[in-house]
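A.B. asks: This is the structure I have questions about; it appears just below.
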Amino acid sequence: MNVDKKYCMSSFLMFRTIVDDEKQFTEKIVPQKIDINFNRVPISSSDELYLSLKNKVEQACKDGKAALALSGGIDSAILAKFMPKGSTVYTFKCIVPGINVTDETEMAAKYAQECGLKQKIVEIYWDDIVNYAPILMKHKGAPIHSIEIQIYKASLQAKKDGFERLIFGENADIIYGGMDGLLSKDWLIGEFIDRYSYVLPYKVLKNFELISEPFKKYTIDGKCDSYGFINEYFRKESLGSYCNACETAGIEFIGPFSETYLSIPINYEKIRNGESKYLVREVFRKLYKNTEIPVKTPMPRPTNEWFKNWKGPEREEFYKHCTDNMSGDQKWLVYILEQFLNLIEE
């Protein structure tokens, strides 16, 4: 392992992870390594996907020690259909006093009722960020994604309730064409670097590195294979976030979608004509014949509200006012990077 703080800071801002497994912020903390090259089930049709998901959920639930993280989206709703009647499902609800923010609990409740499942709400507050972020960062050896807080809190609750496994619909978007914005066109490499990078490090850091190798790896004749890219780098970052949160809480992460892969070429035409994640949609329609497919929303986390009055980072590594025009999600990355740098100095 090589200590390279500049690289690690820049990588986290661009990719939400350290893309080079041989780099670390400091000798004191070694980052987790995530292996994404495990055996997965090949999928070429919605029928095959249906059977694979059903088998994975049934296997996870065979001893009654598994619960489901149920959102308002179609991925976890599909998995809910395969849960045994009376099973427990957890739905996240972020709370910002005095402000209405994205709330998936009502839609998730409809799925739970139709499937005969018992829903529990996991409320997420800013205090949870303050309390849990250091624990998660120490375990990960790196700054964390904002979703890790709520996954960790739900995992703690599930463990307290006697469960050993928590099932998620994660990776469905990545594997089956749900990232329609990233798949919307044939990107030139420069365009794709600007489109994908969460925060370009030269806008934030006084001493930075623009990391281009991951993009070059999936570029031919100047055009980037966005699907191939996200199925390596985005999938690795996403699985790392979910696994870290669950492992830190002492519960097993189960991802039925993540244990599959698309064995035929992705159909860009369908995606670009508004039918993103078309195989997953077909499975949903089979299971919920009288339910319209809801508008896709990311896992709720009110970063815009949480960071509305944040003045930006204070450490010398950062430019002053660098976050003034950023979105809440971008501010989170700068905020949590600064918190991690403070942590490794303690």
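A.B. asks: Tyr227 versus (1) closer than 30 Å to Arg315 by Cα; (2) touching a residue at least 24 places away in the same chain (Cβ under 8 Å): which is the lone unmet condition?
C.D. replies: Looking at each condition in turn, Tyr227 falls short on (1).
A.B. asks: Another question about this same structure. Looking at region 324-338, is at least one residue of a type outside the set (S, T, N, Q), touching a Gly at 6+ places or on another chain (Cβ under 9 Å) and without any contact (Cβ under 8 Å) to a residue 24 or more places away in the chain?
C.D. replies: Checked region 324-338: at least one residue is of a type outside the set (S, T, N, Q), touching a Gly at 6+ places or on another chain (Cβ under 9 Å) and without any contact (Cβ under 8 Å) to a residue 24 or more places away in the chain.
A.B. asks: Farther than 23 Å from Gln113 by Cα and not hydrophobic (A, V, I, L, M, F, W, C): which single residue out of Ser71, Ser44 fits that description?
C.D. replies: Only one candidate qualifies: Ser44.
A.B. asks: In region 1-14, is there at least one residue being surrounded by 15 or more Cβ atoms within 10 Å (Cβ to Cβ) and under 20 Å from Cys246 (Cβ atoms)?
C.D. replies: no
A.B. asks: Scan Asp47, Asp35, Asp63 and give me the residue that is open to solvent by 30 Å² or more (accessible area, probe 1.4 Å), out of contact with any Cys (no Cβ under 7 Å at 6 or more places or on another chain), of a type in the set (Asp, Glu) and modelled with pLDDT under 95. Don't jump to the end; show me each part of the working.
C.D. replies: Details: Asp47 fails: modelled with pLDDT under 95; Asp63 fails: modelled with pLDDT under 95.
Criteria check complete, one pass: Asp35.
A.B. asks: Filtering region 148-179 down to residues that are aliphatic (A, V, I, L, M) and open to solvent by 10 Å² or more (accessible area, probe 1.4 Å), which residue is modelled with the lowest pLDDT?
C.D. replies: The extreme case among them is Met179.
A.B. asks: Now for a separate question. Select from region 22-46 the residues that are out of contact with any strand residue (DSSP E or B) (no Cβ under 9 Å at 6 or more places or on another chain), within 21 Å of Glu338 (Cβ to Cβ) and not hydrophobic (A, V, I, L, M, F, W, C) and list them in ascending order.
C.D. replies: Lys28, Gln32
A.B. asks: Here's another thing I want to ask about it. Would a scan of region 303-311 turn up a residue that is in a loop (DSSP other than H, G, I, E, B), over 19 Å from Ser52 (Cβ atoms), under 19 Å from the mean Cα position of the chain (by Cα) and touching a residue at least 40 places away in the same chain (Cβ under 8 Å)?
C.D. replies: For region 303-311, residues in a loop (DSSP other than H, G, I, E, B), over 19 Å from Ser52 (Cβ atoms), under 19 Å from the mean Cα position of the chain (by Cα) and touching a residue at least 40 places away in the same chain (Cβ under 8 Å): absent.
A.B. asks: Go through region 13-41 residue by residue and tally those that are part of a helix (DSSP H, G or I) and among the aliphatic types (A, V, I, L, M).
C.D. replies: Of the residues in that region, 2 qualify.
A.B. asks: Which one of these does Thr26 not meet: (1) polar (S, T, N, Q); (2) open to solvent by 60 Å² or more (accessible area, probe 1.4 Å); (3) more than 19 Å from the chain's Cα centre (by Cα)?
C.D. replies: Only one criterion is unmet by Thr26, namely (2).
A.B. asks: Considering only region 78-109, how many residues are at pLDDT below 95 and either open to solvent by 40 Å² or more (accessible area, probe 1.4 Å) or over 21 Å from Val280 (Cα atoms) (or both)?
C.D. replies: Counting residues in region 78-109 that are at pLDDT below 95 and either open to solvent by 40 Å² or more (accessible area, probe 1.4 Å) or over 21 Å from Val280 (Cα atoms) (or both) gives 15.
A.B. asks: Sticking with this one: Which one of these is over 24 Å from Tyr261 (Cβ atoms) and without any contact (Cβ under 8 Å) to a residue 40 or more places away in the chain: Ala80, Ala109?
C.D. replies: One residue alone meets the criteria, Ala109.
The values are calculated or read from the model by the stated rules, or taken from the named source; none is laboratory data. Note that the structure is predicted; figures quoted are calculated from it, not measured. Quick reminder, even Gly has a Cβ in these numbers, built from the backbone with ideal geometry, and neighbours come from all protein chains shown. SASA here: full protein model, heavy atoms, side chains in, ligands and nucleic acids out. Shrake-Rupley method; radii C 1.70, N 1.55, O 1.52, S 1.80 Å.
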